Amino acid sequence: MKNDRKEPMTTRTSQETVRLTDDVCIPLIGFGTWQLESTDAYNGVRSALEIGYRHIDTATAYENEDQVGAAIRDSGVGRENVFITTKCPPNLAGHERETIDNSLKALGVDFVDLWLVHWPPDGEARPETWKAFIEALEQGKTRSIGVSNYSIAQIDQLITATGKAPALNQIRWNPFVYDARLVDELASRHVVLEGYSPLKRSDLGNPVLGEIAAAHGKTPAQVILRWHVEHGFVVIPRSARRERIEENYAIFDFELTADEISRIDLLKA
Ligand SMILES: NC(=O)c1ccc[n+]([C@@H]2O[C@H](COP(=O)([O-])OP(=O)(O)OC[C@H]3O[C@@H](n4cnc5c(N)ncnc54)[C@H](OP(=O)(O)O)[C@@H]3O)[C@@H](O)[C@H]2O)c1
C-alpha cells in the first residue's frame, strides 16, 4: 500500500475505534494478557485501565479470564466502557457453547464484545464451529465474532458456508511482516486486521526505527505501536511492568509523517 501523501495519514486519539461489521466499535489499542498469570494478569489489567486502555484481550487458553474479570470489576471503570475479547481454543471446537458459557462465568460478565476462534481447528476453517459462533452472536453472548490465525482462503470458506464474514482476523503482525496485499484482501472482505505480538516479534534495535524514534523523542516500541494506529490496525501490546504499559499507551501525542510510515512499511524488505 504505497502512500504518496506528505502529511500524516490521520490524527489518531487514544479513544479512536474501528467499526466492525456487527456495528460494534473496537478501540484501536488494547492490552494483551497472554502469559500474564494470576496476580500479573490482575495487576496488569488494573494498571492498563487506570492508564486509559479500554480494550482487554484474553483467551480461554490464557487461563486468566477470572483475574481479568476481577480486575475489570474492581477498576470501577464500568463494564460498558471496556471492550473484552476472548477466544475459543481449537481443541474445544465442537464444544463452543460450553466454552463461551465458561468464559462468561470466569470473566463474570453477561456477554463479551468479541469472541474469536483462536486457531483454525486442526488447521482447518471448520464452518461448523463458525455456525456455533453465529449462534452465540444471535443469543447475545458476544457482540461480535471473528477469527484468529486464519488465512484468506479459510475466511472465504466461512463466508461461502454461512454468508457471514468474520468481523476481524487477529494475526501476528508488525512492520517486519507487513504485507500490503494481505491488508487489501482483508479490507475487501470488511475484515478488520488486529495484530498480535507487535513488539516481541520486532527488531527493536533496528536503525530506521531508532532514527524515527529519536526524531520524535519516543522509543522504537512506541514508533511500532504508532505505525499500527496510523494504518488503522488494531494492536494489543502486553507487558507485566506498569512503566511499559504506560509507555505503550503514550503514543497519541505524536504523529508519523507519510515518509516515515513508508520507510517502516519497507522494513520487511
Ligand atoms: N491470537 C493469537 O494466537 C495470539 C498469539 C500471541 C499473542 N496474542 C495476543 O497479543 C498480545 C500481544 O502479543 P505478545 O504478548 O505475544 O507480545 P508483545 O506484546 O509483542 O510483546 C510482549 C513482550 O514485550 C515486552 N515489552 C512490552 N512492552 C515493551 C516496551 N515498551 N519495550 C520493550 N519491550 C516491551 C514484554 O516484556 P515485559 O512484560 O517485561 O515488559 C514482553 O516480553 C498477547 O498478550 C495476546 O493477548 C494472540
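The values are calculated or read from the model by the stated rules, or taken from the named source; none is laboratory data. Bear in mind the structure is a predicted one, so any value in this text is a computation, not a measurement. Cβ coordinates were reconstructed from backbone atoms using ideal geometry, including for glycine residues, and neighbour counts include every protein chain displayed. Please note that ligands, DNA and RNA were not included when accessible areas were found on the heavy atoms of the full protein model with its side chains. Shrake-Rupley method; radii C 1.70, N 1.55, O 1.52, S 1.80 Å.
Summary of computed values
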{"quantity": "Number of the condition not met by LEU182 [criteria: (1) in a loop (DSSP other than H, G, I, E, B); (2) farther than 23 Å from PRO90 by Cα; (3) more than 15 Å from the ligand (Cβ to nearest atom)]", "calculated": "(1)"}
{"quantity": "Residue within region 248-268 that is within 18 Å of ASP57 (Cβ to Cβ), within 15 Å of the ligand (Cβ to nearest atom), part of a helix (DSSP H, G or I) and of a type outside the set (Phe, Trp, Tyr) present", "calculated": "yes"}
{"quantity": "Matching residues in region 38-61 - criterion: being more than 12 Å from the ligand (Cβ to nearest atom) and of a type outside the set (Phe, Trp, Tyr)", "calculated": "SER38, THR39, ARG46, LEU49, GLU50, ILE51, GLY52, ARG54"}
{"quantity": "Some residue of region 142-152 being within 22 Å of ILE236 (Cβ to Cβ) and among the aromatic types (Phe, Trp, Tyr)", "calculated": "yes"}
{"quantity": "Checklist (1) within 19 Å of TYR249 (Cα to Cα); (2) in contact (Cβ under 8 Å) with a residue 12 or more places away in the chain; (3) open to solvent by 10 Å² or more (accessible area, probe 1.4 Å) applied to LEU209, failing item", "calculated": "(3)"}
{"quantity": "Enumeration of residues in region 202-247 that are within 8 Å of the ligand (Cβ to nearest atom) and among the basic types (Lys, Arg)", "calculated": "ARG238, ARG241, ARG244"}
{"quantity": "Number of the condition not met by LEU36 [criteria: (1) farther than 24 Å from LEU193 by Cβ; (2) surrounded by 21 or more Cβ atoms within 10 Å (Cβ to Cβ); (3) not β-branched (Val, Ile, Thr)]", "calculated": "(1)"}
{"quantity": "Which numbered condition ALA240 fails, given (1) touching an Asp or Glu at 6+ places or on another chain (Cβ under 9 Å); (2) in a loop (DSSP other than H, G, I, E, B); (3) buried (at least 17 other Cβ atoms within 10 Å of the Cβ)", "calculated": "(3)"}
{"quantity": "Residue check, GLU65 charged (D, E, K, R) and open to solvent by less than 50 Å² (accessible area, probe 1.4 Å)", "calculated": "yes"}
{"quantity": "Failed criterion for PHE133 (all others in (1) open to solvent by less than 50 Å² (accessible area, probe 1.4 Å); (2) touching a helix residue (DSSP H, G or I) at 6+ places or on another chain (Cβ under 6 Å) hold)", "calculated": "(2)"}
{"quantity": "Answer residue from region 74-109, given it is among the aliphatic types (A, V, I, L, M) and part of a loop (DSSP other than H, G, I, E, B) and is farthest from PRO121 (Cα to Cα) among those", "calculated": "VAL77"}
